[in-house]
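Only one structure is covered here, and it is reproduced in the block below.
The values are calculated or read from the model by the stated rules, or taken from the named source; none is laboratory data. Please read these numbers as outputs of a predicted model, since none were measured by experiment. We place every Cβ from the backbone using ideal geometry, glycine too, and count neighbours over all the protein chains shown. These area figures cover heavy atoms from the full protein model, side chains too; ligands, DNA and RNA do not enter into them. Shrake-Rupley method; radii C 1.70, N 1.55, O 1.52, S 1.80 Å.
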Amino acid sequence: MLLRFVFGLAAALCAAGSAHAENSPSTVPMTLTRSDYGGGRIYLPVRFGNMLGTMRLDTGASTTRVALAPWNRDLPPIGQSVSTGASGKSTRCDDVQARNFGLKASQGNDIARATYEVSRCAANDGDDLLGLDFFKGSRFSLDFTHREMVFFGASAADAHPRPFRTLGPDQRLVGVDIRAGDAAVVALFDTGAEISAVDQRFVEAHGNLFSPVKAKSAASEAGGRQFSAKIYKIKSLDLGEGRRLRGIYALAYDFGVLREALGPQTPFILGYNVISRFNWVMDFRAPGESTWNARQR
């Protein structure tokens, strides 16, 4: 998970070569890896000009972050930004303009941008991270059953989309309304978090909702930095309309800088171990009015 504080505007998302119609979907395969406590990561095939590679999907990152590499080494800086992760540590990176950058589709057109601003970080111990701003202007599904993203695909006929909450100092991150026991709160929607997380202050205030599992565990943010956390089981987590989960594992630590950035009403992070329990339809076409729907697998 990565929070990035930047200045600048992102270009709109488009399909490579032509406008992309609602009835002409593009399918991008997802490679899923698994880890302890139901956690995991999502990797997507990407194209950088004539080069192919993979990036980790991180909706907890407002923008995209890549390591210094041959394909981007000669791109001139157009600015600088500071990326702050779950551990509270910050990394200063150069902002560069990547050309012909996009997702490689297995069916339909690639999802590409002629130019796209990314953060190039010389010190990066983790994966290259594809951030949420790449999906601005798009509508797509996260289908964990078939391990694919489908852009501009039709949602279920009985779908009732719910609004995302906009989060973060620049309002570029998104969250969902949830209930933990009887407490109504907001959770950051973060595919870059291998397992879900909760602010230690919330655990202390609502101890009856949590069962301790491990008093000390080493955790790492998507950028690679490690920090210490506890592990709990959440007795009940409810996303509404019958989407209730029980016995979900979560890291617990003092959110600190995250609390300042996301606000005290957001003591949860929904990570892979929750997100992958559902198939999602996400719509970012209307600025400030993004929506989601999810169906339990």
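Would you work out the charge dipole size for the range 22-65 about its Cα centre, treating the Cβ of every Lys and Arg as +1 and the Cβ of every Asp and Glu as -1, and quote it to the nearest 20 debye?
160 debye
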**Request:** Please give, to one decimal in nm, the separation of the simple spin-label points placed at K214 and Q107, each 7 Å out from Cα toward the Cβ.
**Result:** 3.9 nm
**Asked** Could you name the lysines in cross-link range of K136, using Cα to Cα under 19 Å and dropping any fewer than eight places away on the same chain?
**Response** K104
**Prompt:** Quick one: length gained pulling W71 to R201 fully straight, 0.36 nm per residue minus the C-alpha distance?
**Reply:** 42.5 nm
**Asked** aspartates and glutamates near K89 by alpha-carbon distance under 20 Å, same-chain residues fewer than 8 away left out - which ones?
**Response** D58, D125, D127, D128, D170, D190, E194, D199, E221, D254, E260
**Request:** With a probe of 1.4 Å, find how much accessible area the range 183-297 has per residue, and write the answer as a whole number in Å².
**Result:** 41 Å²
**Prompt:** Could you sort S81, S24 by accessible area so the largest value comes first, with the probe set to 1.4 Å?
**Reply:** S24, S81
**Complete:** Quick tally, 1.4 Å probe accessible area for D254, D283, sorted with the most first, runs D254, D283
**Request:** With a point put 7 Å past each Cα toward its Cβ, work out how far S90 is from R34 in nm, to one decimal.
**Result:** 4.0 nm
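In nm, what is the difference between 0.36 nm times the number of residues separating Q97 and V257 and their Cα-Cα distance?
Taking 0.36 nm per residue and subtracting the Cα distance, the gain is 54.7 nm.
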**Prompt:** So how far apart, in nm, are the two label points at D177 and Q80 if each is 7 Å from Cα heading toward Cβ?
**Reply:** 4.2 nm
